[in-house]
1. Where a ≥ b ≥ c are the square roots of the eigenvalues of the C-alpha gyration tensor, would you call segment 176-275 rounded, which needs a/c under 1.5, or, failing that, prolate if a/b is larger than b/c, or oblate?
2. Going by amide H atoms built from the backbone, whose H comes under 5 Å of the H on Val188, apart from near neighbours?
3. Relative contact order of segment 204-321: what whole-number percent is it, with Cα pairs under 8 angstrom and at least 6 residues apart?
4. Find the centroid of the Cα atoms in segment 238-299 and in segment 1-46, then give the distance between the two in whole Å.
5. Using only the alpha-carbon atoms, how far is helix 249-261 inclined from the longest principal axis of the chain? Give it as 0 to 90 degrees, nearest 10.
6. Give the Cα extents of the chain along the principal axes, in whole Å, largest first.
7. Is segment 293-369 rounded, prolate or oblate when judged by the Cα gyration tensor, a ≥ b ≥ c being the square roots of its eigenvalues, rounded requiring a/c under 1.5 and prolate requiring a/b larger than b/c?
8. May I ask for the angle, rounded to the nearest 10°, between helix 19-33 and the longest principal axis of the chain, with both axes built from Cα atoms and the value confined to 0 to 90°?
Amino acid sequence: MATKTKKVAIVYRMTHPGGVQSVVLALIRGLNKLNIIPVIIWDLPPSKTMLEKAGCLADFQYVRFAVPSKQIDRLPDTLRYLVWIWNVIRAEKYPWDFDFYYIFYNGFIPPAGTPHLRYLNGPPILPQLENFPNGIRGTGIRLFVWTYRSILRHYYPAYEYHAESPYVANSAFIRNLFEQTYNRRIPVVFPPIKIPEKQFNSNDFNNRDTITYFSRLVPYKRPEMVLSLAARFPRYRCVLMGGVPKHRLPYLEKLQAFARDLRLRNVVFLANPGDEVVFRELDRTRYYIFPAQNEHFGMTTVEAIGHGAIPFVHDSGGQREIVPTESLRFNDQNFYTKFAECNSWGIHQLHQIRCHLYEHIQQFEESKGVSNLLAYLNGTPTSITNPDNN
């Protein structure tokens, strides 16, 4: 008798590239190998181009949000996070019959008793609801937080801890934040990442003339720090590349204006580059810079290391798990001095470092992460590893 193919739903927005989107695409590829075509649940259909490029097959289930995600995109950052409170999806209101839900959006409430997994790819409590200005400047937000916790959370549990749900975290950093908040230890499933098979030769550093920023071009990632670095080290070509959705175009223009103000002639901006362009640039990169603080994980850092670049990242968050070498991590006070120190190292030392890091990142390889995610679908999550050394 043939085994019934499970009906699987994935709850997340798949309209543009991003770190979580990359995890979802890898998961879809894994499901497709099991002859499962999952259904994406959101208020906008997934990008056909993105699915096709990733070699993924997925269907789509529309849900109506109280505030459409397209409208939220046009709002300022803090207001955007607050408005998402109203967009809670209660699956019991729909005539769905899924066997399993992979949930990447906290405002989704699955039917009681339906197997599911919540993938925690950020802090358990939104910083925007916790870290607000002191004094009169923070009065409005404090009032909103009080209203949410006293009234709204009972009807719109967008930011609540779902105690009955199985969770996994995308890094030990996030796992530890979750444990501190809820006194519950959860497994870590690192994001599944395609790592190219490479054998490096120290001579290729002669062709690596670029300092690269590769991540979404958004304010909290602080790409302007890379522009300041480019001004101090003009011998290097400097590339800033990453995703720029339409509502982020004004920020890109601001960065470009900042580069003009610094009179930088060694800077190239690459908005929404394709894989071919990304890989070409990473193969030309000597130093990959990641300035964001308390990044939840940092998939692009892994990708840069996989292409032979030397990472130089902020000493916080999940970046510490990717880059265990302390001399390659900086804070805001020693950013320039530590980079100058790294830049003084000889090619032999740089080559040894990247070979060590390349071996280190094999734990983040795609098949391992996908296997761990599929373990929950198969009812065998004991295969999940739980790193205790972070």
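1. Cα axes put segment 176-275 in the oblate bin.
2. Residues meeting the amide H criterion: Ala169.
3. Details: 198 pairs, mean separation 35.7, N = 118.
Relative contact order, segment 204-321: 30 percent.
4. Between the Cα centres of segment 238-299 and segment 1-46 lies a distance of 29 Å.
5. Between the helix axis and the principal axis of the chain, the angle is about 10 degrees.
6. Reported extents, whole Å, longest axis first: 63, 61, 39.
7. Numbers: a/c = 2.62, a/b = 1.24, b/c = 2.11.
Oblate shape, in that a/c is at least 1.5 and b/c is the bigger or equal ratio.
8. The answer is roughly 60 degrees.
Every number here is computed from the coordinates shown, using simple stated rules; none is lab data. It should be emphasised that the depicted structure is a prediction, and the values quoted were computed from it without experimental measurement. Note: ideal-geometry Cβ built from the backbone for every residue, glycine included; neighbour counts use all protein chains shown.
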